Amino acid sequence: MPHVQPDAEFLSGDSTWVRMQTVILVRWTAVAGQIGAIATVTLWFDLALPLFACAVTIGALVLSNLLTSTLLPANYRLSSKELRALLLFDLVQLAVLLALTGGTTNPFALLMVAPVAISATGLRRGSATTICIATLIASVCASVFSLPLVYTSGEMITIPPILSYGYLLGILITTIFIAVYTHRVSAEIRNMASALMATQMALSREQKLTDLGGVVAAYAHELGTPLATIKLVSAELMDELSDHENLNDLREDAKLIRDQADRCRDILHSMGRAGKDDLHLRQAPLDSVLREAAEPHMNRGRELIFDLRPADASQGKQPVIRRAAEVIHGLRNLIQNAVDFSASTVWIDGHWTDEHLIVRVIDDGPGYPAHLLGRIGDPFLRARPDEVKARPGYDGMGLGLFIAKTLLERSGAAITFRNGGDPFLDQHERPERSGAIVELIWPLAAISGTTSGGLGENRNNPDL
C-alpha cells in the first residue's frame, strides 16, 4: 500500500483557508468587548483606569482592523505568515491593555489563550509554537509590569501575592494545555479528513471502472446482432462460391470476413464479461469473490492458500455474497499487504455459520510492529526507519489499511488486527501462521446476496 506521506501538521506549505473577513469580524467583536468592559468598570464599579492609554491601545486595534479591511478584499484568505502576524499583534495589544487594567489578576486575562487556540488550529507546528511562547512571555510581562486597580476614591484593590502568582500560573498552564491539546486534535481531524477523501476517491475509482465495464457490455450486446449477421452471410457466400474453382479468391475473402467477425465477437465478449450488469455480477459465491480480490497478487512469488469451509460440519453450502466494489477493494488491499510482508505463504480463510461470515487473511511474515498494533487502521502512521529500510518504497502503512478498514466496515464487517505468533521467538520456534492476521466478521444478513433461487435473466443497467 504505497502512499505519499502528507505533512501531519498541515497539508500545504501555507494555510490559506482562513478568510480575512472572519478575522476582521472577530477583532471587531474584541474591540466592542474591550470598550464595554472598560465602560462598565469605570461607570458601574467606579474604578479609576488610565482611560487615555486604554483608548490608545484599543484605537491601535481599531486602526489595524480598518487598514486590513480597506486594503484587502473580504474574501481574501490569509497565509500562514499573515495570520501569525495578526495574532501576534492582537496578543501584544491585549497584553498592554491587561497591564493597564490590573494584569493577570484581571478576570479577562484568560482571553490571552484565544490567539493560542486559533494558532493551534490554523497554523503549522512552528508558527503555533511561536504564538504559544509569545503568549507565555506576554502573560508574564502583563503581570510584572501591570498597574494596580484603584477606585476613584483613591483606595487600591490589593490581592494577596499567592493569588497573583496563582492567577499567572493558571494562565501559563492553560496556555500550554490549550496549545498542545488543540493542535493535536486539529491535526488528527485534518488527517482523518484527508484519509476519508482518499477513501472516497478509491471507492469512486472502483465504481467508475464498474460503470465503464457496464458501458462496454452494453455496446457488446448491441454489436452482437450485426456481427452474427455478417458471419451468417459470409458462411452462405462461402458455400455458394465453393462450387466455382475460378472464384477461390472470393471464397477466401468471404472466409476472412467470417474470421474477423468471430474475432470481433470474442473481443467484445471478453470486454463485456466483467461489466455486464446482471444479477450474477451483483453477487457471487464466497470463493469467487475472494479469488477475484486476490487475482492481481496470484503471481507475485507467494503461495496463496484458500481454505473455505463451514465452521460446523452441519452448516449449509458456501454462501453467496454481495460482489460490491468496496468489498473487493478492501479485501484486495488486505491481501496485497499480506503478500508484501509475507515470507512465502498467505492463507485466505473463509468460514461461515448460520448467522456470520468469517474471513481471515494471514501471512507468515514478521507481523505488525508491536508499537503500532493498537493503532492499526489509523491514517498516516509513520514507520520506524528500520521498518522503512526493510521494505523500501513504503513510508508507513496507515492510509491503505485505513481505506480498506473504512470500506469493509461500511459493508458491515467488524475488523480486528493481531499477530499470529510471538515476535520475540526464534524463527524455528514460531508457528507456521506466525505473521499478521486480519479477521473480518460480517453478519450473514449484511453481506449475503439479495436473491434466492435462480439468477433470472440479464438486465441492462438503467443508469448507463
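The values are calculated or read from the model by the stated rules, or taken from the named source; none is laboratory data. It should be emphasised that the depicted structure is a prediction, and the values quoted were computed from it without experimental measurement. Virtual Cβ from ideal backbone geometry, glycine too; neighbours counted across all protein chains shown. Only protein heavy atoms, including side chains, enter the accessible area calculation; ligands, DNA and RNA are left aside. Shrake-Rupley method; radii C 1.70, N 1.55, O 1.52, S 1.80 Å.
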Kindly indicate whether E355 is at pLDDT below 85, open to solvent by 10 Å² or more (accessible area, probe 1.4 Å) and of a type outside the set (A, V, I, L, M, F, W, C).
no
Would you confirm, using the coordinates I've provided, whether E252 is part of a helix (DSSP H, G or I), open to solvent by 70 Å² or more (accessible area, probe 1.4 Å) and modelled with pLDDT of 70 or more?
yes
For G301, state whether it is on the phi > 0 side of the Ramachandran plot, open to solvent by 10 Å² or more (accessible area, probe 1.4 Å), touching a Gly at 6+ places or on another chain (Cβ under 7 Å) and assigned to a loop (DSSP other than H, G, I, E, B).
no
Per the list (1) over 27 Å from G122 (Cα atoms); (2) in contact (Cβ under 8 Å) with a residue 60 or more places away in the chain, residue check on G36 breaks on (2)
Does A198 satisfy the criteria of being out of contact with any His (no Cβ under 7 Å at 6 or more places or on another chain), at pLDDT below 70, within 28 Å of N333 (Cα to Cα) and exposed (fewer than 14 other Cβ atoms within 10 Å of the Cβ)?
no
With the requirement that a residue be modelled with pLDDT of 80 or more, open to solvent by 20 Å² or more (accessible area, probe 1.4 Å) and either assigned to a helix (DSSP H, G or I) or on the phi > 0 side of the Ramachandran plot (or both), what does the range 386-427 give you?
K405, T406, E409, R410, G412
Where residues in the range 36-50 are of a type in the set (A, V, I, L, M, F, W, C) and either surrounded by 16 or more Cβ atoms within 10 Å (Cβ to Cβ) or under 18 Å from A95 (Cβ atoms) (or both), which of them is nearest to the chain's Cα centre (by Cα)?
A37
A careful count of residues in the range 312-347 that are part of a helix (DSSP H, G or I), open to solvent by 30 Å² or more (accessible area, probe 1.4 Å) and among the polar types (S, T, N, Q) gives 1
Do the conditions hold for I133, that is, is it closer than 29 Å to E82 by Cα, surrounded by fewer than 20 Cβ atoms within 10 Å (Cβ to Cβ) and modelled with pLDDT under 80?
no
If I filter the range 69-76 for residues that are open to solvent by less than 70 Å² (accessible area, probe 1.4 Å) and either β-branched (V, I, T) or without any contact (Cβ under 8 Å) to a residue 12 or more places away in the chain (or both), do I get at least one hit?
no
Just to verify a result, which residue in the range 101-121, among those that are of a type outside the set (S, T, Y) and surrounded by fewer than 20 Cβ atoms within 10 Å (Cβ to Cβ), is farthest from the chain's Cα centre (by Cα)?
P107
Filter the range 368-379 for residues that are of a type in the set (G, A, S) and open to solvent by 20 Å² or more (accessible area, probe 1.4 Å); which is farthest from A436 (Cα to Cα)?
G374
